[in-house]
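The values are calculated or read from the model by the stated rules, or taken from the named source; none is laboratory data. A quick note: this is a predicted structure, and the numbers were derived from the prediction, not measured. Backbone-built Cβ (ideal geometry, glycine too); neighbour counts: all protein chains shown.
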């Protein structure tokens with residue numbers, strides 16, 4: 001049975017973690033793709049800073065060849081990274097084990113990765129390989145996907161569901177809003193940028209499923 005797992009890695013044990021030395025309050029979110037042997041996640045978002053020269057915040061690291069700014073919107077920056085493929089990190093293991101990455105977010109505390117395996121043995125292989133490469137991972141959540149999930153629920157990660165439910169219950173979607181991202185972040189013990197990221201990701205999945213359903217009925 002397909003199984004999802006959430007694990008953490010210390011912030012300084014991942015190549016992009018060098019940014020937290022200069023920007024401890026930012027949140028970094030990796031774009032979601034399925035890694036392969038020769039292609040890993042090339043894009044990531046940095047949120048929660050107004051630094052113009054965002055590229056300079058990422059100091060030299062053996063796991064990174066080059067980082068380039070692609071676009072920026074207010075305090076959000078989209079960057080492209082070229083990884084050093086001969087450097088062993090979490091992406092190396094994801095590529096070797098062919099385990100898809102669902103979501104990855106970094107703060108100055110740690111990196112949180114959500115992955116999905118066709119069965120638990122896939123996740124066990126992932127953990128074993130991490131240990132072999134001395135990559136310090138901590139498993140924080142493990143659960144099997146069940147057939148009772150709706151299309152929208154299955155598309156959402158646990159953290160997205162948690163953020164959406166809390167935001168709805170606290171009145172975030174009311175007009176005027178009855179709660180702020182900062183207040184939601186305090187309840188979830190995460191930054192307001194991380195809350196915003198989870199809400200955007202969850203809403204995007206739900207809208208995508210809804211639009212697809214509407215198109216299907218009209219065809």
Would segment 88-106 turn up any residue that is modelled with pLDDT of 90 or more and part of a strand (DSSP E or B)? yes
Options 81, 46; residue that is assigned by TED's automatic domain parsing to the domain that holds residue 139 and under 15 Å from the mean Cα position of the chain (by Cα): 46
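Can you tell me how many residues within segment 155-186 are surrounded by 13 or more Cβ atoms within 10 Å (Cβ to Cβ) and part of a helix (DSSP H, G or I)?
Count: 16.
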Out of (1) assigned to a helix (DSSP H, G or I); (2) touching a helix residue (DSSP H, G or I) at 6+ places or on another chain (Cβ under 9 Å); (3) surrounded by fewer than 18 Cβ atoms within 10 Å (Cβ to Cβ); (4) at pLDDT below 85, what's the single condition that is false for residue 214? (2)
Within segment 77-87, of all residues that are assigned to a strand (DSSP E or B) and in contact with a helix residue (DSSP H, G or I) (Cβ under 9 Å, 6 or more places away or on another chain), the one nearest to residue 122 (Cα to Cα) is 83
